[in-house]
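The values are calculated or read from the model by the stated rules, or taken from the named source; none is laboratory data. All values reported here derive from a predicted model rather than from experimental measurement. Here the Cβ positions follow ideal geometry from the backbone for every residue, glycine too, while neighbour counts run over all protein chains shown.
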Amino acid sequence: MAERHTSKNGKEESQVCELLAKVLSKSKYSRIHDGLIESLIRDELGKRGNEKELLKAVTAKLHQVGAAYFPRSPAYARWLEILADCPVDIHSAEAKALCAELMGAHSSTRERLPIINEFFNTTLAGIAPVKSILDLACGFNPLALAWMPVAAEIQYFGCDIFSDMTDFLNEFFRHMGMAGTFSICDLTGMQFTRKAQVAFLLKTLPCLEQIEKNVSVDLLERIPADYLLISYPVRSLGGRAKGMGKTYETQFNDLAARMKWDFKRFEFESELAFLVKK
């Protein structure tokens with residue numbers, strides 16, 4: 001993906017900087033990885049007739065891949081206050097209730113709440129207890145740890161495009177005394193430094209393809225994990241099915257054939273999942 005950043009034109013570089021500043025000035029996008037925003041701006045340069053159209057196209061993509069999953073602005077300050085009084089045992093009733101409440105604030109994890117125990121204990125049964133996780137475009141999924149079949153000394157690494165989200169997750173794991181590290185990232189060009197037993201890409205690949213077509217193959221080849229847990233939504237955020245399950249299963253099967261993967265398939269009410277052995 002390096003070719004997306006090769007412009008030497010001083011005027012264009014100045015324009016990119018100005019447009020980046022304008023996107024970051026919007027509160028909804030101010031905590032998104034600026035490298036991702038810059039890449040989207042560069043992709044749109046020359047395609048759009050004017051600045052207004054370019055900014056509209058860039059923010060539309062940012063909305064699709066991130067902002068749309070928060071029906072309301074995340075209340076991190078209030079959540080941190082609540083967390084301060086929460087027991088330091090993620091398996092306690094109080095902690096699990098808080099985790100469920102917080103996951104309900106993010107559309108992707110909210111959809112999974114009704115099946116959360118079944119989802120993780122079914123898909124990960126063959127490799128349990130899981131010793132290390134690399135959660136890519138994690139959202140609030142790390143808060144589901146209490147429902148996962150993991151080892152007592154689980155190592156959890158995750159990343160997402162929102163810096164305020166990853167800051168919160170770091171504080172949550174610190175409070176709970178668990179080994180978790182979360183950072184901001186752009187998966188389309190990410191360089192991996194950690195290996196894990198399993199990498200999660202939960203409802204992630206469709207979002208990546210909206211950013212850059214055919215980026216998934218390169219990413220999947222580079223992920224340093226023994227297993228991949230890949231899932232797809234079967235309905236849109238608005239609740240419409242529109243044949244999504246069949247479409248995504250076809251896409252996955254094409255990937256699996258190309259990569260020569262050995263995998264297991266799991267179908268749930270709201271999600272289609274595959275555990276891949278790399």
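Name every residue in segment 184-226 that is among the hydroxyl-bearing types (Ser, Thr, Tyr) and touching a helix residue (DSSP H, G or I) at 6+ places or on another chain (Cβ under 6 Å), in order of residue number.
Correct list: Thr188, Ser216.
Being under 30 Å from Glu12 (Cβ atoms), surrounded by 14 or more Cβ atoms within 10 Å (Cβ to Cβ) and touching a Cys at 6+ places or on another chain (Cβ under 9 Å): is that true of Val58 here?
No: the conditions fail for Val58.
Considering every residue within segment 197-216, establish whether at least one is acidic (Asp, Glu) and more than 23 Å from Ala273 (Cβ to Cβ).
The answer is yes; a qualifying residue exists.
Consider segment 251-271. How many of its residues are among the charged types (D, E, K, R) and not in a strand (DSSP E or B)?
4
Looking only at residues in segment 200-217 that are in a helix (DSSP H, G or I) and crowded, with 19+ Cβ neighbours inside 10 Å, which one is modelled with the highest pLDDT?
Leu205
In contact (Cβ under 8 Å) with a residue 12 or more places away in the chain, crowded, with 16+ Cβ neighbours inside 10 Å and within 25 Å of Leu220 (Cα to Cα) - does that describe any residue in segment 77-88?
No, every residue in segment 77-88 fails to be in contact (Cβ under 8 Å) with a residue 12 or more places away in the chain, crowded, with 16+ Cβ neighbours inside 10 Å and within 25 Å of Leu220 (Cα to Cα).
Which ones in segment 131-174 are more than 14 Å from Arg31 (Cα to Cα) and part of a loop (DSSP other than H, G, I, E, B)?
Ala137, Cys138, Phe140, Met148, Pro149
Which count do you get for residues in segment 97-122 that are assigned to a helix (DSSP H, G or I) and either under 17 Å from the mean Cα position of the chain (by Cα) or closer than 29 Å to His63 by Cβ (or both)?
Residues meeting the conditions: 18.
Run Leu229 past the list (1) at pLDDT 95 or above; (2) hydrophobic (A, V, I, L, M, F, W, C); (3) under 22 Å from Leu62 (Cα atoms) and report the number of the one that doesn't hold.
Failing condition for Leu229: (3).
What's the total number of residues in segment 19-55 that are assigned to a helix (DSSP H, G or I), among the charged types (D, E, K, R) and surrounded by 12 or more Cβ atoms within 10 Å (Cβ to Cβ)?
8
Tell me, yes or no, whether segment 169-179 has at least one residue that is without any contact (Cβ under 8 Å) to a residue 12 or more places away in the chain, on the phi < 0 side of the Ramachandran plot and more than 12 Å from the chain's Cα centre (by Cα).
Scanning segment 169-179 turns up at least one residue that is without any contact (Cβ under 8 Å) to a residue 12 or more places away in the chain, on the phi < 0 side of the Ramachandran plot and more than 12 Å from the chain's Cα centre (by Cα).
Checking Gln197 against (1) modelled with pLDDT under 95; (2) touching a Lys or Arg at 6+ places or on another chain (Cβ under 9 Å), which single condition isn't satisfied?
Among (1) modelled with pLDDT under 95; (2) touching a Lys or Arg at 6+ places or on another chain (Cβ under 9 Å), the lone unmet condition for Gln197 is (1).
Kindly establish whether Lys195 is closer than 26 Å to Asp164 by Cα and basic (Lys, Arg).
yes
Which condition from (1) surrounded by 12 or more Cβ atoms within 10 Å (Cβ to Cβ); (2) in a helix (DSSP H, G or I) is the one that Ser14 breaks?
Of (1) surrounded by 12 or more Cβ atoms within 10 Å (Cβ to Cβ); (2) in a helix (DSSP H, G or I), only one is false for Ser14: (1).
Could you check, for segment 193-214, whether at least one of its residues is without any contact (Cβ under 8 Å) to a residue 24 or more places away in the chain and of a type in the set (Val, Ile, Thr)?
Scanning segment 193-214 turns up at least one residue that is without any contact (Cβ under 8 Å) to a residue 24 or more places away in the chain and of a type in the set (Val, Ile, Thr).
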